[in-house]
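Q: A single structure is presented below for examination.
Bear in mind that the values in this text are calculations on the coordinates, not laboratory data. What you see is a predicted model, and the numbers here were worked out from it, not measured in a lab. Cβ placement follows ideal geometry from the backbone for every residue including glycine, while neighbour counts extend to all protein chains displayed.
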């Protein structure tokens with residue numbers, strides 16, 4: 001197992017790694033819309049937050065040696081499932097290969113975020 005860390009994505013806000021590589025697969029921790037340089041939440045709308053989440057995930061993938069087209073599965077959490085269509089607009093720009101996905105509505109997320117995404121990718 002290999003830990004993945006990049007300063008281009010936010011540091012973990014708890015006792016976990018940004019991602020782990022195991023047997024040629026990258027497993028990211030869930031990413032919320034934190035600015036990597038300040039650790040503060042970015043944006044108020046689902047579009048703004050989803051954009052930052054994707055930037056964070058892309059930085060982690062890059063550090064791990066993977067690309068968006070290597071993603072095989074995503075798990076997405078939204079605090080308002082009515083944001084589904086707006087979230088998809090941002091998501092679709094990053095995951096053009098359409099990996100398998102789950103997207104669920106949740107009551108709340110850390111730091112008041114309104115979306116969180118984690119991914120599994122092949123290297």
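Q: Using R₀ = 25 Å, calculate the FRET efficiency as 1/(1 + (r/R₀)^6) where r is the Cβ-Cβ separation of residue 101 and residue 40; round to 0.05. Please report the intermediate quantities before stating the final value.
A: On the way: r = 28 Å, r/R0 = 1.11.
E between residue 101 and residue 40, to the nearest 0.05, is 0.35.
Q: Can you sort 16, 94 from fewest to most other Cβ atoms within 10 Å of each residue's own Cβ?
A: Working: 16 11, 94 19.
Listing 16, 94 from fewest to most nearby Cβ atoms yields 16, 94.
Q: Between region 80-123 and region 57-73, how many Å separate their Cα centres?
A: So the separation of the two Cα centres works out to 15 Å.
Q: While we're looking at this one, here's another question. Among bridges DSSP assigns within region 2-122, what percent are antiparallel (round to 5)?
A: Here the antiparallel bridges make up roughly 75 percent for region 2-122.
Q: Give me the tail of P(r) for region 1-68 as a percent: Cα-Cα pairs with distance above 13 Å.
A: Every Cα pair in region 1-68 considered, those over 13 Å come to 60 percent.
Q: Pulled fully out, how much extra length does the chain show between residue 108 and residue 8, if you take 0.36 nm times their separation in residues and subtract their Cα-Cα distance?
A: 33.5 nm
Q: Can you give the extra length, in nm with one decimal, that the chain gains between residue 17 and residue 93 once fully stretched, where that is 0.36 nm per residue apart less the Cα-Cα distance?
A: In short, 24.8 nm is gained.
Q: A further question on this structure: Which of 38, 28 comes first, and how do the rest follow, when ranked by fewest Cβ neighbours within 10 Å? Let's see the in-between values first.
A: Numbers: 38 9, 28 25.
Ascending Cβ contact count within 10 Å gives the list 38, 28.
Q: Listing 55, 8, 3 from the residue with the fewest other Cβ atoms within 10 Å to the one with the most, what is the order?
A: Taking fewest neighbouring Cβ atoms as first place, the list is 3, 8, 55.
Q: Right, here's the next one. Which order, highest average first, do 109-122, 66-79 follow once you tally other Cβ atoms within 10 Å for each residue and take the mean per peptide?
A: Those peptides, ordered most packed to least, come out 109-122, 66-79.
Q: Follow-up. Contact order normalised by length for region 2-122, with contacts defined as Cα pairs under 8 Å and 6 or more residues apart; what percent is it? Show your work: numbers first, answer last.
A: Details: 240 pairs, mean separation 38.7, N = 121.
So the answer I get is 32 percent.
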